[in-house]
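Asker: First the structure, which I've put down as C-alpha cells, then a few questions once you've had a look.
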Amino acid sequence: MGDPSNRPEGALTTSELVAAIAREFGDIYSNQTIRNWAARPEDKHPLPMVAKGKAGQAHLYDWVEFLTWFEAEKERQERAVASVAQPQTGADPAAPNIDALDWHAARTVSAREQAKRDILITAQLEAKVGDLETMARVAEDRARLAVQQLLAIPSRISPRLVNIADELVIDRLLDAEIRAVCQQIERDANAAIAADDEPEPEAAAA
C-alpha cells in the first residue's frame, strides 16, 4: 500500500474512497467499480487520480476532485438514460445505445423498461379479470333463468295430465316438455354468444 506519510494531503485510497462515498451519499460501490471508472479511456471521462499506484501501491484520489467528477458523471448518465428511453423512430447511428452505457445506467434503463412491461401486463390481466367477471355474471343469470323455466314445467303441463291415467303417456309428455325447454335454453344461449361475438358498429366501420 506504500507509506501513508508520503501521501498528498487529503488523498484517499480506493477503499477509503468507497467508504467516503457510502458515508456521503449512501451509495455502495465496489473497489472494482472505482478502478473501472479510473481506467476509462480519456474520451470516456475517467475518474481523476492523484497518483496511480505501482508495484503494490494503492491508487490515490482527491475527494474534492471526485465530487466534481461524480456530479458531472451523474449528469452524463442521466442524459444518456433519458436519451435511450426516448422512442426511436429510425436507426440513427449517432443516437445513444444502451450498450454504450455503464452498468449502473444500463440497469436504470432496464428497470424502467421492465416497469413499463409490468404496467402493460397488469392492465391486460385486469381487463381479462373484468371480462371473466362479466361472463360469470351472465352465466349466473342464464342459469337462474333456466332453473325458472324448468321449475315452471309442472304448473304449465299439469292441466294436460289431469285426465291421463297411463303413466307411460305422462312420462312421454313430461320428457317432451323438458326436452323442449332445454332446447329453448340452448337456442337462447347460442343467440347470446353470437351477439357477443358481433363487432361494435364503430369497430365494424373502421
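Any read-out appearing in this document is the output of simple, stated calculations on the displayed coordinates, not a laboratory observation. It should be emphasised that the depicted structure is a prediction, and the values quoted were computed from it without experimental measurement. For neighbour counting, all protein chains shown are included, and Cβ atoms are generated from backbone atoms with ideal geometry for every residue, glycine included.
Asker: Between Leu173 and Ile121, what length comes free when the chain is fully extended (0.36 nm per residue of separation minus the Cα-Cα distance, one decimal in nm)?
Answerer: 13.3 nm
Asker: Just to be sure I understand the model, the point goes 7 Å from the Cα along the line to the Cβ. What's the resulting Ala189 to Leu145 distance in nm?
Answerer: Inter-label distance under the simple model: 1.3 nm.
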